[in-house]
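Nothing in this text is a laboratory measurement; each read-out follows from the coordinates by a stated rule. Keep in mind that this is a model prediction, so the values were computed, not measured. Glycine also receives a Cβ, built like all others from the backbone with ideal geometry; neighbour counts cover every protein chain displayed.
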Amino acid sequence: MTRGRAQDAPPQAMASAGWKPADPGPLGLAGFAMTTFVLSMFNSNLVSPKGVAVVLGLALAYGGVVQLIAGIWEFRTGNTFGAVAFCSYGGFWISFWALNVFYAKGITGNPGHAVGVYLWAWAIFTALH
């Protein structure tokens, strides 16, 4: 049996001992900014479309998973707005990755319309958030 371990102490005791969680905001913003920047480079045709795997890797790992972690971390710090924003946009990037990797090829008719609805939904969420 181990005595005195920090993880065994209640949160109030850890806070009173001087420990407090770091601010996850910069991590969440960095994940969103870098992934959006790289996607924009491809969308504006400044980079060859042959490298689209770079965007998908960022979308899953940095824009998605890391941002989702930052959002959950925001819940721990008590920042509901940051938690909703980062968890939601982490979910956006993970769903963007899944759409491109698994589902886009299966869209019949005009895939632009389906993707347009997807992006409009996120635009409305962003405007209201």
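A few points about this structure:
- Phi to ³J(HN,Hα) by Karplus 6.51 cos²θ - 1.76 cosθ + 1.60 over the range 27-41, Hz, x for Gly, Pro: 5, x, 5, 5, x, 5, 5, 5, 5, 5, 4, 5, 4, 5, 4
- For the peptides 66-76, 97-107, residues were scored by their other Cβ atoms within 10 Å and the scores averaged per peptide; the highest-first order is 66-76, 97-107.
- Tail beyond 20 Å, pair distance distribution of the chain (Cα, percent): 55
- Remark: the Ala121-Ala104 segment gains 4.4 nm on full extension, using 0.36 nm per residue and subtracting the alpha carbon distance.
- Principal-axis analysis of the Cα atoms of the chain puts helix 80-98 at an angle of about 40° to the longest axis.
- Folded to 0 to 90 degrees: helix 67-77 orientation relative to the chain principal axis, Cα: 30
- Assuming charge only on the beta carbon of Lys and Arg (+1) and of Asp and Glu (-1), the dipole of the chain about its Cα centre is about 200 debye to the nearest 20.
- Here the range 27-50 and the range 87-101 have alpha carbon centers that stand 14 Å from each other.
- With both labels modelled 7 Å from their Cα along Cα-to-Cβ, the Ala53 to Ala22 distance reads 3.1 nm.
- Phi-based couplings in Hz for the range 104-112 (Karplus 6.51, -1.76, 1.60; Gly and Pro marked x): 4, 5, x, 6, 8, x, 9, x, x
- Helical mean residue ellipticity (222 nm; -39500 (n - 2.57) per DSSP H run of 4+; nearest 500) of the chain: -20000 deg cm²/dmol
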